[in-house]
Amino acid sequence: MSRPELLIPAGNLEKLRTAVLYGADAVYVGVAGLSLRAKQAEFSMEDLELGTKEAHQKGVKVYGALNIFARNRDLDKVAKTVNNLADLKIDGLIISDPGVLETVKKIQPGIPIHLSTQANTTNAAAVRFWKNQGVERVVLARELTLAEIGEIAGEVPEVEVELFIHGAMCMAYSGRCYLSAFRNRRSSNQGDCTQPCRWEYRLVESTRPNSPLIVEEDDNYSYLLSSKDLCMIEYLPEVLKSGVTSLKVEGRMKSAYYVAVVTRAYRWALDAYLKDSDHYQCLPEWVAELEKISYRGYTTGFYFQDQKINETNPGVKYIQTHDLAGTVLEYDRIEKRILVGVRNRLSGDDQVELLLPNDTIDLDLSRMTDSQGSPIREAHNGYQVYLPYTAEVPKGTVLRRRIV
Ligand code: SF4
């Protein structure tokens, strides 16, 4: 088996650096206006140039998502962007629209093309079709079972298969959904989903608008359409045996904290599997880590035939026990302390952990000082504070705070 790739979402330069620090083999990024994500999860060309250079220096690949369903008016911008990305030596383009694919083949035939999950590829004949169009890798539809995926990968071994292993699921077929367009005039198919499937809904009988029927699952509402999140860390052997090349994490809109925790947990798991695949065991602490990000309960989605499909968790909107406390800006070797850029409000009593790539360390916030070295009890978002720490810590290391 060739070494599988851990592919992490990078919504901006900070998240790209976080993904690289915590062990991604590759990241995928959005380019302004041309990827299926809202503007806050897209790179400027300047940031992308810098991020790609840094990633390549660490041996990490960078793929660009150009997966909009382009209108005629988008095509000139597509061509210009593709040329710019070629200059950056981007490692592949994720595409769903045949017109965009044709454009790339015509003007930059050397860039590997990955077919987005938005193209809903569900069988070997479709994979062969896309191969004949010049596609090197296919992100198969999330609705397939692992058995079907194994069959497809076996029938068309010359095409790489990429699979989602973690992250949010859609209630619609691979995101082909109009809820957001109808409710907010912001279309999922143009990268602008406002996630109305996660909203709180009440059932109202038309002649009695003021007396809603509440299908009560918690104190107030029921989240009927909100799918649990995908999590496959316990089933890595099954996933890898299906012949996939790339293990993809969803979430370009998610925080740097999410990127750090998910990348680190799957890096640990994947390394353990690669070291001794016969004795792979998913350690409870890896799962516990993934329960320290905001999530809606976990599911294995559609991957196992005998399980319930894409479950919802009607009583749960989000589960969140920790959040981002800050990131390390630099290590002061002389004073043996870390300079932290604070996110959220911190107080001396908070329980805060430093997430090193291979370890988690409790920090004592009662020893927090300002830049002059004076003790402080509280720090707000945007502050810079020092905390004593005796060993070198990489820049960008994430700190998290317990909130419940
Ligand atoms: S509204 Fe929900 S189901 Fe529809 S595309 Fe957005 S996340 Fe998916």
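The values are calculated or read from the model by the stated rules, or taken from the named source; none is laboratory data. Small disclaimer: the values here were computed from a predicted structure and weren't measured. FYI the Cβ positions are ideal-geometry reconstructions off the backbone, even for glycines, and counts take in every protein chain you see. Note: accessible area is taken over every heavy atom of the protein model, side chains too, but ligands, DNA and RNA are not part of it. Shrake-Rupley method; radii C 1.70, N 1.55, O 1.52, S 1.80 Å.
One table, with the values for the structure above:
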read-out	value
Charge context of E155, other residues only, Cβ under 12 angstrom, K/R +1, D/E -1	-1
Average Cα contact separation per residue, the chain, under 8 Å, 6 or more apart, as relative contact order %	15 percent
Listed residues S44, S96, S294, most fluctuating in the chain (Gaussian network, C-alpha, under 10 Å)	S44
Cα centroid separation, the range 44-119 to the range 255-275 (Å)	26 Å
Sum of side-chain charges, W130 neighbourhood, beta-carbon under 10 Å (Lys, Arg +1; Asp, Glu -1)	+2
Efficiency of FRET from Cβ geometry, K105 and K58, R₀ 45 Å, rounded to 0.05	0.90
Sum of -39500 (n - 2.57) over DSSP H runs of 4+, divided by residues of the chain (222 nm, nearest 500)	-7500 deg cm²/dmol
Fraction of alpha-carbon pairs over 21 Å apart in the range 322-402 - percent	14 percent
Relative contact order (%) - the range 322-402, alpha-carbon pairs under 8 angstrom, separation at least six	44 percent
Listed residue pairs exceeding 31 Å between alpha carbons, taken from K61/K241; K131/K317; K61/K317	K131/K317; K61/K317
DSSP-defined antiparallel bridges as percent of all bridges, the chain, nearest 5	55 percent
Residue-normalised accessible area of the range 322-402, expressed per residue, 1.4 Å probe, Å²	53 Å²
Solvent-accessible area per residue, Å², over the range 23-157 with all protein chains present [probe radius 1.4 Å]	43 Å²
Accessible-area composition of the range 322-402, carbon plus sulfur, in percent [1.4 Å probe]	42 percent
Ranked by how many other beta carbons lie within 10 Å on average, peptides 387-397, 237-247 from highest	237-247, 387-397
The range 80-129, relative contact order [Cα under 8 Å, separation at least 6], %	39 percent
Rounded Å value of the spacing that divides the Cα centres of the range 340-392 and the range 151-175	41 Å
Highest-MSF residue in the chain out of T321, T207, T369 [GNM, Cα springs under 10 Å]	T207
Most fluctuating residue given options E234, E158, E143, as computed from a GNM of the chain linking Cα atoms under 10 Å	E158
